[in-house]
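S.K.: Quick one: structure below, then a few questions.
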Amino acid sequence: PISTEEGFERLLTVPTPPVTATVTLDEIKAARLESEQIPLSKNGLAGIHEIRRSAAKLGIRISDRRWKQMIPVIRAAAWLDGATEIDKPQLGILVHGLWETAEERKKVVDMVLDVACPILRQVLELADQASEQLKIAKQSPKDKPTLEEAWSKIKSISMDMETIAEQPQNKKVA
């Protein structure tokens, strides 16, 4: 990292050399054609139906046109994952395309991750809980009972995360 403000300012103000493409237009076209061939599996389609039903229950209106527009995006995500078909994990990309308002964003993330990656949803929820406890502790730095309670809850959250990480289906194969 740059340690002086002058050096940092120089970095920001010195002309930047032109960006050169490392991917050719032909390669992009080929990738697009390949991604268009990735089929939507029955399991992937079932996941889309689950998300669609959840959105309706939450009062989030997602037009049929939006769903249609998201299919090439899902295919591109599947292609980037190296997937041979669209399955539930590839639906995670929908967290970026199904909300319209800031109020809808958290609900969309939760409902999509419930289907696409339930473990990630659990971990994010635990992280939110830990963040909330940290905020409580920072607001009462001299209140020992509050600090002890927040610390106790953070330790419990940490143990929950460790339990999730130890589950065989969540361990990465090296």
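The values are calculated or read from the model by the stated rules, or taken from the named source; none is laboratory data. Predicted model, so just to flag it, every value in this text is computed and none were measured. As a convention, Cβ positions derive from the backbone with ideal geometry for all residues, glycine included, and neighbour counts pool all protein chains shown. Please note that ligands, DNA and RNA were not included when accessible areas were found on the heavy atoms of the full protein model with its side chains. Shrake-Rupley method; radii C 1.70, N 1.55, O 1.52, S 1.80 Å.
S.K.: Compute the accessible area per residue over the stretch 111-174, keeping the other protein chains in place, probe 1.4 Å, unit Å².
M.R.: Working: 4710 Å² over 64 residues.
Heavy-atom accessible area per residue stands at 74 Å².
S.K.: In deg cm²/dmol, rounded to 500, what helix-only [θ] at 222 nm does the chain give when every DSSP H run of at least 4 residues adds -39500 (n - 2.57) and the total is split over its residues? If you can, show how the numbers build up before the last one.
M.R.: Working: 7 runs with 115 residues, N = 174.
Value at 222 nm, helices only: -22000 deg cm²/dmol.
S.K.: Compute the semi-axes of the equivalent ellipsoid of the stretch 1-59, taking the square root of 5 times each eigenvalue of the Cα gyration tensor, and list them largest first in whole Å. Intermediate results must be reported in sequence, preceding the final value.
M.R.: Details: eigenvalues 400, 122, 16 Å².
Semi-axis lengths for the stretch 1-59 are 45, 25, 9 Å.
S.K.: Along the principal axes of its C-alpha atoms, what lengths does the stretch 1-104 span, in descending order and rounded to whole Å?
M.R.: So the three principal-axis extents are 55, 38, 23 Å.
S.K.: Within the chain, what whole-number % of the accessible surface is contributed by carbon and sulfur, with the 1.4 Å probe and all protein chains included in the calculation?
M.R.: Working: 7430 of 12910 Å².
Exposed carbon and sulfur together represent 58 percent of the surface.
S.K.: With N set to the residue count of the chain, report its C-alpha Rg divided by 2.2 N^0.38 Å to two decimal places.
M.R.: Working: Rg = 22.0 Å, N = 174, 2.2 N^0.38 = 15.6 Å.
Taking N as the residue count of the chain, the ratio is 1.41.
S.K.: Sticking with this structure for a sec: Using 0.36 nm times the number of residues separating residue 24 and residue 131, minus their current alpha carbon distance, what extension gain do you get?
M.R.: Contour length minus the Cα-Cα distance gives 34.2 nm.
S.K.: Name the trypsin sites (Lys or Arg not before Pro) in the stretch 70-174 that are in a loop by DSSP and that have at most 10 other C-beta atoms within 10 Å, would you? Let's see the in-between values first.
M.R.: Details: sites: 75, 105, 106, 107, 121, 135, 138, 142, 153, 155, 171, 172; in loops: 142, 171, 172.
Here the sparse-neighbourhood loop sites are 142, 171, 172.
S.K.: In the stretch 1-94, which GluC sites (Glu not before Pro) are in a loop and have at most 15 other Cβ atoms within 10 Å, using DSSP for the loop call? All intermediate terms of the calculation are to be shown ahead of the outcome.
M.R.: On the way: sites: 5, 6, 9, 27, 34, 36, 50, 85; in loops: 85.
Those that pass, being in a loop and sparsely packed, are 85.
S.K.: Separate question: Work out the count of Lys pairs in the stretch 1-136 where the Cα-Cα distance is under 19 Å, with the pair 8 or more places apart or on different chains.
M.R.: Numbers: 42/68; 42/88; 57/106; 57/107; 68/88; 88/107.
Lysine pair count for the stretch 1-136: 6.
S.K.: Taking only protein heavy atoms and a 1.4 Å probe, what accessible area per residue, in Å², does the stretch 58-105 have with all protein chains in place? Let's see the in-between values first.
M.R.: Working: 3010 Å² over 48 residues.
Spelled out: the 1.4 Å probe surface of the stretch 58-105, per residue, equals 63 Å².
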